[in-house]
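Every number in this text was worked out from the coordinates using simple rules, so none of it is lab data. Predicted model, so just to flag it, every value in this text is computed and none were measured. As a convention, Cβ positions derive from the backbone with ideal geometry for all residues, glycine included, and neighbour counts pool all protein chains shown.
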Ligand SMILES: Cc1cc2nc3c(=O)[nH]c(=O)nc-3n(C[C@H](O)[C@H](O)[C@H](O)COP(=O)(O)OP(=O)(O)OC[C@H]3O[C@@H](n4cnc5c(N)ncnc54)[C@H](O)[C@@H]3O)c2cc1C
Ligand code: FES
Ligand code: FES
């Protein structure tokens, strides 16, 4: 079974890669493109560590075949910060609110939060908890993550007005 | 367990997809969101040498609602998109609820309604609401097209009457009549994320005098397939739906289920919850049918 040559559009960059058709997007991002910000936890759709945005929607990259992402827009955690010196408001809020401990869940958590805020810019606490229901964190107890998302939502709203 | 090796085909039309299926006959599987299929391949040893992806087939993600035709859910329409479609939210609240609370946001962004039905898990969350709404599947094969009532679709855990070379092109759901209310309730351990331990969907349609013209009740996760509660439906049809009757009908749903003990819940707990959820669903359906929302 031959490799398939595909074009991956990740964080605005284009990569041509030859991949085995059974490999997942998570594996190809990490092992071929060396974008190791995307984590693999459960490898079965439960934990959300592998969350990336595919055409703007949050998906589990451990259950997405890389070939299915051919020529579609992918955003990983590496693509969030606007410049090397500036963090995205969500990243900034996670740092400020102590929402990062070991950090393993953080990339997926932040991308899931980004998807949430794009669809619902002013979520209630309950909506944040539901929106992050596909992401597990074994360190923080979630409260600080919820606070960080609330803060980022305000920051983003203020940014839009200002 | 490692992923078995396969080739992926990405047809652009339904014709091409059907051709690919018949060309590779044995050892071919359709791939939609992959949230069931890839899990089974990686963890349960399911094998296929060829996967035919439906994700680039033109028009297959369409969702449309018209009063005359009802709802048409394309064979690759994803759960999240169905859940937030305005026509679904307005006319099919039980389905909208199922599609927006099941699994996780990520899985709902990937998984499809057709995949949920064809996978035929007893706990499939879209099955009970779609049974209550009287949905049918439109299945295409190279030779032609047939319509299968969802009620006749499931044969057992993981089994349906769909033939291996058939593709579900769409799911059709009739438009609900006037004075109609519907609802879905589910229970699971890890709030939404876990597979449902019990799911109950209902629909009540009242006549001009406020009597029950039609009732549909369906259960998920408490029998080898999603099931209708015919006894409860018959208790209600033709009757004035007072609270006592709703409570008795809800309680009778327990006789339509054959739950098992598993990691998610005991059979006894499932039975108790079927009654509670069925009663809750019926009350909500009645309130909606009488026009008093919430
Ligand atoms: C973490 C996690 C949580 C989950 N939680 C839930 C839950 O709460 N409730 C629930 O009901 N399910 C749940 N699921 C199961 C799954 O996500 C759903 O059943 C989903 O709807 C499957 O759709 P899919 O498009 O991913 O199907 P796929 O995996 O792509 O396909 C499933 C089956 O259907 C066939 N198929 C797909 N489309 C068609 C078509 N158009 N015509 C013919 N055959 C077709 C495939 O060949 C395959 O056999 C969960 C899964 C995961 C991984
Ligand atoms: S690694 Fe993909 S969801 Fe856990
Ligand atoms: S910070 Fe460690 S898992 Fe979330």
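Would segment B:187-204 turn up any residue that is closer than 18 Å to residue B:131 by Cβ and more than 19 Å from the chain's Cα centre (by Cα)? Looking for residues that are closer than 18 Å to residue B:131 by Cβ and more than 19 Å from the chain's Cα centre (by Cα), one finds none in segment B:187-204, hence no. Count of segment A:93-130 residues, restricted to those that are in a helix (DSSP H, G or I) and closer than 18 Å to residue A:75 by Cα, is 14.
Only one residue in A:31, A:27 is more than 10 Å from chain B (Cβ to nearest Cβ) and assigned to a helix (DSSP H, G or I), so which one is that? Break it down into steps so the answer makes sense when it comes.
Details: A:27 fails: more than 10 Å from chain B (Cβ to nearest Cβ).
Selected residue: A:31, the only one of A:31, A:27 that is more than 10 Å from chain B (Cβ to nearest Cβ) and assigned to a helix (DSSP H, G or I).
Just checking: which of the strands (runs of 3 or more DSSP E) contained wholly in segment A:38-83 hold 2 or more residues that are away from ligand 3 (no atom under 16 Å from the Cβ) and more than 7 Å from chain B (Cβ to nearest Cβ)?
Numbers: elements: A:51-54, A:57-60, A:73-75.
Counting at least 2 such residues, we get A:51-54, A:73-75.
Among the residues in segment B:66-79, are any under 19 Å from residue B:3 (Cβ atoms) and within 11 Å of ligand 1 (Cβ to nearest atom)? The answer is no, given that none of the residues of segment B:66-79 is under 19 Å from residue B:3 (Cβ atoms) and within 11 Å of ligand 1 (Cβ to nearest atom). Taken together, the criteria exclude residue B:95 from residues that are within 20 Å of residue B:182 (Cα to Cα), assigned to a strand (DSSP E or B) and touching a helix residue (DSSP H, G or I) at 6+ places or on another chain (Cβ under 8 Å).
Taking the criterion of being touching a strand residue (DSSP E or B) at 6+ places or on another chain (Cβ under 6 Å), closer than 27 Å to residue A:120 by Cα, within 14 Å of another protein chain (Cβ to nearest Cβ) and within 16 Å of ligand 2 (Cβ to nearest atom), would at least one residue in segment B:67-85 satisfy it? Within segment B:67-85, none of the residues are touching a strand residue (DSSP E or B) at 6+ places or on another chain (Cβ under 6 Å), closer than 27 Å to residue A:120 by Cα, within 14 Å of another protein chain (Cβ to nearest Cβ) and within 16 Å of ligand 2 (Cβ to nearest atom). The set of residues in segment A:1-17 being part of a strand (DSSP E or B) and either surrounded by 14 or more Cβ atoms within 10 Å (Cβ to Cβ) or within 14 Å of chain B (Cβ to nearest Cβ) (or both) consists of A:4, A:5, A:6, A:7, A:8, A:9, A:10, A:15, A:17.
Listed here are the helices (runs of 4 or more DSSP H) enclosed by segment B:103-208 that have at least 2 residues being more than 14 Å from every other protein chain (Cβ to nearest Cβ) and in contact (Cβ under 8 Å) with a residue 40 or more places away in the chain: B:113-119, B:127-132. Considered as a group, the residues in segment B:35-66 that are more than 9 Å from every other protein chain (Cβ to nearest Cβ) and outside any loop (DSSP other than H, G, I, E, B) include one that is surrounded by the fewest Cβ atoms within 10 Å (Cβ to Cβ), and that residue is B:66.
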